[in-house]
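To start, the structure under review is shown below, and the notes come after it.
The values are calculated or read from the model by the stated rules, or taken from the named source; none is laboratory data. Note that the coordinates shown come from a computational prediction; the quantities given were computed from them, not determined experimentally.
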Amino acid sequence: MTRRSLTVMAMAALLLPAGVAAAGSNKPKDQKTNGEIVGVGDDRLQLKTKKGTVTVLLTQKPRIAMGETEVSASALKRGMKVTVVGKFEDSGEIVAREIRLPAPPTNPQTPMPSGHSGHAH
């Protein structure tokens, strides 16, 4: 082999891992989509978003959370506002990885009227 051939082969060997890494980075990333549930099926939701209605697939058993608590898919109801995290398919459907529901409301504490310390006199 000539010195030139060895140089070309060495350069190709060095550049190959960079090319493989660049090709792997073209995977679609998860995206967040906010909307209101307008339909619930066994393995899918219909979500009304600012861009229109989209189908959310539940086939990959997404994590469903209400605040910090995980809940089952039966908690998903029409009219709920949710955030879906997942990948958009070429068909326009979203394969959900996570669905976030708003945390349940907490009871606000009633403030004490001014001048009262809360102690019995």
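Listed conditions (1) at pLDDT 85 or above; (2) more than 14 Å from Glu93 (Cα to Cα); (3) outside any loop (DSSP other than H, G, I, E, B) are all met by Lys61, apart from (3).
Checked against the criterion of being assigned to a strand (DSSP E or B), modelled with pLDDT of 95 or more, among the hydroxyl-bearing types (Ser, Thr, Tyr) and within 14 Å of the chain's Cα centre (by Cα), the candidates Thr83, Thr53 yield just one match: Thr83.
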